[in-house]
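Below is one structure; the comments refer to it alone.
Here, each number is a calculation from the coordinates, and none is a lab measurement. Only a predicted model underlies this, so the values are computations on that prediction, with no experimental measurement involved. Don't worry about glycine lacking a Cβ; one is built from the backbone with ideal geometry, like all the others, and counts go over all protein chains shown.
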């Protein structure tokens, strides 16, 4: 009788152990998943570096980790710091202008077809009526405060998550080859002889999605920086980094180049403002329609809807790093379903 229940007891013990480990690691789950995605994406580069260093795994992993700090963590820290500083400065300027009575709508606002004069007239009446202005300000203050606070929390948690992910990546690089063998043996015992193909599909999909997201973001940031330099927009480096980050979010870059165009109009540079609008609509946002499908389809033909849901759901579930984790997880599931239902031959192949 005891031997008959012994397998169930072992299974229950394993289940409880897995549940306990999950609750222990849950606070770090997002950072660990992000570290896995980054490590898989940059694994070919690590292997080349390891070969150049004659197999010194610790040194190669340390170099890759420092590179991630410079490429991922440092720009995010700079954006977070500058955003907080600029928001505080903008609030002080608006408060000073209100107290001095010198706040006026921009002159170009009235020139907007159809609605410009109406908006300009409303803003002038609002600025002239101090009681009405205070009432509107109190109405908008709480949503604005909540939005800024939420944005600051997301960016701050993003810095913490990416820092932890970079730390975890060091051990994934250093011990990655041993982990691959363990994972292959474990998955073979669970799903059988198809395990190598499944793992290959997962690695190709992760690389395809990460290359698509990061490659598109980098291309849009470079094109945006070129446009900002040509038009004479200030804080080009900060705007370029902000474009890179917001490129991961659908319809994110227009917030940057659209704001730059508004600044140019407000400064009286109408021609450069029009140039910025055309440059942003055709080139900066156009990159998303050309580069992302070309890169991301090499690993997985992920529909746009799944990319959008992956980004939004990833942010809600994992915070900032969910921008990467969400689409990647959906892409992996989508590719595996394609492999299992249609056959591996229908899944786009990636050149290693």
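Observations on the structure shown:
- Mean Cβ neighbour count within 10 Å, used as a protection proxy, ranking 185-197, 265-277, 9-21, 205-217 highest first: 205-217, 265-277, 185-197, 9-21
- Rounded to 0.05, the FRET efficiency of the residue 17 and residue 62 pair, given R0 = 51 Å and the Cβ-Cβ distance, is 0.95.
- Likely footprinting exposure, 173, 8, fewest C-beta neighbours within 10 Å first: 8, 173
- FRET efficiency, residue 119 to residue 336 (Cβ-Cβ, R0 41 Å, nearest 0.05): 0.20
- For the pair residue 235 and residue 183, label points projected 7 Å from Cα toward Cβ lie 4.0 nm apart.
- Two-site label geometry, residue 190 and residue 47: point separation in nm, points 7 Å out along Cα→Cβ: 2.3 nm
- Separation of the residue 270 and residue 309 label points, Cα + 7 Å toward Cβ, nm: 4.7 nm
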